[in-house]
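The values are calculated or read from the model by the stated rules, or taken from the named source; none is laboratory data. Computed from a prediction, not measured in an experiment: that's the story for all the values here. Cβ sites come from the backbone with ideal geometry, for glycine too, and all protein chains shown count toward neighbours. Side chains included, ligands, DNA and RNA excluded: accessible areas come from the protein's heavy atoms. Shrake-Rupley method; radii C 1.70, N 1.55, O 1.52, S 1.80 Å.
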Amino acid sequence: MARTSLTEPPKIHRIPQPKFIDAIRWLPSPSPFRKSFITSLFDSDFHTPSLEIHSLDPSKTLSTPLLSWTPPSRISSLKSTPSLFAASTFLGSLHIFKTPEELSVLGNDMSGLGSETSVMEPVVSVVGREFHVGSIGGVDLMEGGSECVSVGEDGRVNLVVEKGGFRRVFDGNGLVSYSAVKWASPSEFVTGGCGFGLQWWDLRQPGAAVAQFKGSWDHGTTSGIIHSIDIHPSRKHTCLAGGSSGTVFAWDLRRQQEPIILSSIGSSNTMTHPLSESEVWEVQYDYYTKSLNSNISSSRILPAMICSEDGILAVIEQGEEPTELLAEPCAINSFDIDRQNPSDVICSLEWESIVILSRP
């Protein structure tokens, strides 16, 4: 049973939106009173996708669109770093933008934005069947760099460089499918896909993954899919993954075929009650909870936050009952923890609403 009571409950702010929200990410801000975020939207009435940057009112109850862009199709994945953000589409294209903070550093005047929405343009766009055929399942930007890795349902793994060129890292020729990816270092990244499988790639050893984790451990549910991956910069040997059937687990490269299961319907030796029984759409290490438990052993998995199709936002800690932060009547399909202030979490709800949690 998940814990629902905290020492002091978080403050919850709700911002209704007129469109379906596919994904959401915080953007870097010069002040805690001038927050902004990027969100991918879809207008179901007109079948129109959009990508928008919003400024957030200090009260966290109102957002104002500042910049927008119309992608060629609905957004399939959205990732950001302090200087860039990347959006992929269901048609197989990838688009990279500079953040407003980076644009102001480069001398563009952002002070006049706000009275009406301005149009933004990508600095890099990669399109065409040579790149991906069909939907891109996941993208990730390298911290402190410009390289972006993309994976698709077509089994392709591509590396995009700053000027818009790309090189093929791997082509599964449709025999495999990838749905998530995460950088581990400037030369290594992890991919995930069907069967709860994970693959560790090293660009210094091209041709194939250097290590693989096969999901045969999850008796009877190996047809599940990995939706999200995270890697903590202080523990690059451990990969956190979330996917189908409420499954959240960690893969330690030092014990490659012994997953550490944090939540799973099929698990009989870990949690008696799984946190969720539906798709876990996103997992992220929770820097805020880690800071409250600074004595966490190096042998334990660091605290993680998850969101799910059945409306759960919660923090999972190894060996502890999960802490439930939200229980919504609809799916929570995306969330992001503010890097500058990890107590703030922004979520996108299926029922056209943004929720912001401010933890004490």
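Remarks
- Selection among PHE90, ALA314, SER234 by position relative to the dipole of the chain gives SER234 as farthest towards the positive end (Cβ unit charges, Cα centre).
- Simple label model, 7 Å out from Cα along Cβ direction - GLU258 to GLU320, nm: 2.4
- Two-site FRET efficiency, SER353 against SER68, from Cβ-Cβ distance with R₀ of 25 Å, rounded to 0.05: 0.85
- Taken along the Cα-to-beta-carbon direction at a fixed 7 Å, the label points for SER146 and ILE12 span 4.4 nm.
- On the basis of the beta-carbon distance and an R0 of 22 Å, ALA211 and ASP171 show a calculated FRET efficiency of 0.70.
- Put simply, the amide H of VAL283, placed in the peptide plane, has neighbours under 5 Å in ILE229, leaving out anything fewer than 5 places away on its chain.
- Fully extended contour minus Cα-Cα distance, from ASP57 to ARG235, at 0.36 nm per residue: 60.5 nm
- Rounded to whole numbers, the Karplus 3J(HN,Hα) couplings from phi for segment 53-66 are 9, 10, 8, 10, 4, x, 6, 6, 10, 8, 10, 10, x, 10 Hz, using 6.51 cos²θ - 1.76 cosθ + 1.60 with θ = phi - 60°, and x at Gly and Pro.
- Segment 183-212 residues near the modelled TYR287 label - backbone nitrogen below 18 Å, point 7 Å along Cα→Cβ: 183-186
- Phi-derived couplings, Karplus 6.51 cos²θ - 1.76 cosθ + 1.60 at θ = phi - 60°, listed residue by residue for segment 186-197: x, 10, 10, 8, 10, 10, x, x, 5, x, 6, x Hz, with x used for Gly and Pro.
- Averaging 1/r across all pairs of distinct Cα atoms in segment 8-61 and inverting the result yields a Kirkwood radius of 12.6 Å.
- Helical content alone sets the calculated 222 nm signal of the chain at -1000 deg cm²/dmol, taking -39,500 (n - 2.57) per DSSP H segment of four or more residues and averaging over every residue.
- With at most 16 neighbouring Cβ atoms within 10 Å, loop trypsin sites (Lys or Arg not before Pro) (DSSP) excluded, longest segment of the chain: 35-128
- Diffusion of segment 126-197 by Stokes-Einstein, at 20 °C in a medium of 1.002 mPa s and with Rh set to the Kirkwood radius over alpha-carbon pairs, works out to 176 µm²/s.
- Cβ-defined net charge surrounding PRO10, 12 Å radius [Lys, Arg +1; Asp, Glu -1]: 0
- Cross-link pairs beyond the 21 Å C-alpha cut-off, checked among LYS214/LYS236; LYS79/LYS236; LYS11/LYS79; LYS19/LYS163; LYS11/LYS98: LYS11/LYS79; LYS19/LYS163; LYS11/LYS98
- Calculated from backbone phi, Karplus (6.51, -1.76, 1.60) coupling profile of segment 69-78 in Hz, x at Gly/Pro: 8, 9, x, x, 7, 4, 6, 9, 7, 9
- Label-zone membership for segment 26-51, site THR117, 7 angstrom Cα→C-beta point, backbone N under 20 Å: 26-28, 35-51
- Order of exposure, largest accessible area first, which applies to TYR178, TYR288 with probe 1.4 Å: TYR288, TYR178
- Calculated FRET value between ARG300 and GLN340, using beta carbons and R₀ = 22 Å, to 0.05: 0.25
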